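Asks: If you scroll down you'll find the structure; I have some questions about it.
The values are calculated or read from the model by the stated rules, or taken from the named source; none is laboratory data. Note that the coordinates shown come from a computational prediction; the quantities given were computed from them, not determined experimentally. Because the Cβ atoms are built from the backbone with ideal geometry, glycine has one as well, and the counts that use them run over all protein chains shown. Heavy atoms of the whole protein, side chains included, go into the accessibility calculation; ligands, DNA and RNA do not. Shrake-Rupley method; radii C 1.70, N 1.55, O 1.52, S 1.80 Å.
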Amino acid sequence: MNASIKDSDTKIISNFLCDGGGSMELLMTSVHGPYSIIYYDCEQQVLWIGRDPIGRISLLWNISAEKLIVTSVGHKDIGDLEEVPAIGLFRFDLNACKLEPQLYQWSHTRFDCDYDIPNELQYFKQTCVQHVSNPEDSILQQNDQLNISELLLHQEFCKNVSNLIHYLSQSVEKRTTINPKACKMCEFKCDHAKIAILFSGGIDSALLALLASKYVESDEPIDLLNVSFERPANSGNFECPDRQTCLNTLGELKTLCPTRQWNLIKIDIPSVELQQKRLDTIRHLIYPLKTVLDDSLGCSLWFAARGLGKCNGKSYKTPARVLLSGMGADELLGGYTRYRKILQRHGWQSLNEELDKDFSKIPSRNLGRDNRVCCDHGRQLRTPYLDENVIEFIRGLAPWQRCWPKEPYPINLGEKLLLRLAAFKLGLVNAACLPKRALQFGSRIANKKENGSDLSDRL
């Protein structure tokens with residue numbers, strides 16, 4: 001199905017289904033990009049519900065025998081809402097005695113469920129894993145003294161690094177150029193920032209910022225959003241690890257892109273404001289998720305997406321319509337520190353299974369919540385690492401081609417090795433060697449004594 005990007009997506013879909021006589025199954029296997037869909041076929045008395053296979057747009061539901069609630073955002077007073085699983089398209093026959101959906105399941109998902117599954121739908125291409133025969137043949141196994149510049153010269157990594165830069169560049173280009181020419185404050189084309197980046201200064205956001213600068217118009221600034229929370233035991237202290245990291249990385253970006261105007265927005269959140277906004281708004285956006293980790297990440301993203309802080313010492317609120325996030329890089333490229341223990345104890349096959357499991361959990365664990373939180377400010381969250389072509393390329397690689405979380409290589413090289421090589425090649429020499437730091441700890445919102453999977457008593 002071909003259509004101009006100038007057309008309304010709702011119009012395109014309506015024309016295809018109503019005028020062209022196309023089927024919902026055929027339509028949704030040909031649509032790429034983030035979406036959630038609720039389509040009522042009046043003639044057939046059928047309701048279709050679904051999220052894109054990566055789960056980038058929120059959709060919640062509550063199904064009972066007599067009633068169906070479907071909504072993009074909930075409220076704690078609406079009980080028993082659940083995230084619509086991003087595992088396929090759900091078809092409700094409204095003439096049936098009981099509301100029970102049939103599932104047209106995406107073929108790449110492996111989800112145990114009780115739904116009636118009449119058919120599978122293929123979304124991702126079948127990938128043929130291209131890799132050396134086994135990790136024992138890797139140059140990393142044979143030589144434990146290589147540095148990042150030496151690895152870049154080796155045939156084992158050279159092509160994969162180039163391909164990652166190619167696909168990620170394409171992804172960033174789409175997400176920075178296909179958007180309105182006016183910012184949120186203006187009605188017509190303007191030279192204010194249209195793109196903002198959730199910016200910790202780490203490798204994921206640094207690489208997005210560098211690539212975005214290639215495609216954002218040269219006379220437009222790019223806003224970098226960095227959030228920090230007041231330390232409860234030290235009133236008025238907003239110092240946090242991510243703040244210093246982002247200042248260092250900003251210096252590197254200015255060196256690589258000297259003509260670009262970078263607006264670093266320092267977003268400092270007092271404890272009183274955090275508690276009030278969480279109670280009034282954020283907890284309803286996070287719902288139905290309710291863990292300590294959901295609380296920490298949801299609050300961090302809500303304040304970052306609000307974009308209200310100080311730029312060069314003056315009060316500033318980003319006018320950007322689009323927010324870029326590094327979500328997905330850790331799951332795809334092996335960024336979590338626990339991967340090192342899994343590899344050490346159980347081997348590469350277990351690590352590969354863990355990477356697959358973490359990727360499959362992204363829709364339910366992160367993306368719906370993040371979409372709801374950011375859209376509350378009228379901004380669209382875009383995730384370049386979760387572009388379909390980027391995903392297909394990376395998941396076509398063996399785990400040891402993505403990362404090498406193994407001694408003697410340290411965490412600031414072995415974890416997300418392929419991404420670090422790409423960043424280094426593009427000139428981010430310092431950012432490429434920064435260790436992973438979780439947002440909730442980098443911004444100082446989380447208490448390390450709490451277990452992230454426990455239910456939060458603050459929500």
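Asks: If we only count helices (runs of 4 or more DSSP H) wholly inside region 124-224, which ones have 3 or more residues that are modelled with pLDDT of 95 or more, of a type outside the set (A, V, I, L, M) and under 28 Å from the mean Cα position of the chain (by Cα)?
Replies: 155-177, 203-215
Asks: Shifting gears a bit: Is one or more of the residues making up region 319-328 in a helix (DSSP H, G or I), open to solvent by less than 20 Å² (accessible area, probe 1.4 Å) and closer than 28 Å to Ser364 by Cβ?
Replies: So far as region 319-328 goes, no, none of its residues is in a helix (DSSP H, G or I), open to solvent by less than 20 Å² (accessible area, probe 1.4 Å) and closer than 28 Å to Ser364 by Cβ.
Asks: Would you check which residues across region 310-360 are aliphatic (A, V, I, L, M) and in contact with a helix residue (DSSP H, G or I) (Cβ under 9 Å, 6 or more places away or on another chain) and list them?
Replies: Passing the criteria: Val322, Leu323, Leu324, Met327, Ala329, Leu332, Leu333, Ile342, Leu343, Leu351, Leu355.
Asks: Filter region 279-312 down to the residues that are hydrophobic (A, V, I, L, M, F, W, C) and open to solvent by 30 Å² or more (accessible area, probe 1.4 Å), then identify the one that is modelled with the highest pLDDT.
Replies: Of everything passing the filter in region 279-312, Leu308 is modelled with the highest pLDDT.
Asks: For region 250-265, does any single residue satisfy the condition of being more than 26 Å from Gly378 (Cβ to Cβ), modelled with pLDDT under 95 and not in a strand (DSSP E or B)?
Replies: no
Asks: Hey, does region 283-298 have a residue that's free of Cβ contacts under 8 Å to residues at least 40 places away in the same chain and assigned to a helix (DSSP H, G or I)?
Replies: Scanning region 283-298, I find no residue that is free of Cβ contacts under 8 Å to residues at least 40 places away in the same chain and assigned to a helix (DSSP H, G or I), so the answer is no.
Asks: State all residues of region 93-110 that are under 18 Å from Glu25 (Cα atoms), surrounded by fewer than 20 Cβ atoms within 10 Å (Cβ to Cβ) and among the polar types (S, T, N, Q); if no residue qualifies, say none.
Replies: Gln102, Ser107, Thr109
Asks: Looking only at region 188-202, which residues are open to solvent by 10 Å² or more (accessible area, probe 1.4 Å) and touching a helix residue (DSSP H, G or I) at 6+ places or on another chain (Cβ under 6 Å)?
Replies: Matches in region 188-202: Leu198, Ser200.
Asks: In addition: Show the residue pairs meeting these rules: Cβ distance below 8 Å; 6+ apart or different chains; first residue within region 222-247 and closer than 13 Å to Ile197 by Cβ; second residue open to solvent by 70 Å² or more (accessible area, probe 1.4 Å) and not basic (Lys, Arg).
Replies: Once the first residue is closer than 13 Å to Ile197 by Cβ and sits in region 222-247, its partners that are open to solvent by 70 Å² or more (accessible area, probe 1.4 Å) and not basic (Lys, Arg) give Ile222/Gln261.
Asks: Starting from region 365-389, take each residue that is without any contact (Cβ under 8 Å) to a residue 60 or more places away in the chain and list its partners that are among the polar types (S, T, N, Q), counting only C-beta distances under 7 angstrom and pairs at least six apart or across chains.
Replies: That search, which allows pairs on different chains as well, returns nothing.
Asks: List the pairs whose first member sits in region 186-200 and is within 25 Å of Leu297 (Cα to Cα) and in contact (Cβ under 8 Å) with a residue 40 or more places away in the chain, whose second member is surrounded by fewer than 15 Cβ atoms within 10 Å (Cβ to Cβ) and not hydrophobic (A, V, I, L, M, F, W, C), and whose Cβ atoms are under 8 Å apart, counting only residues at least 6 apart or on separate chains?
Replies: Lys194/Pro180; Lys194/Lys181
Asks: Among (1) surrounded by fewer than 19 Cβ atoms within 10 Å (Cβ to Cβ); (2) among the β-branched types (Val, Ile, Thr); (3) in a helix (DSSP H, G or I), where does Thr245 come up short?
Replies: Result: Thr245 passes all but (1).
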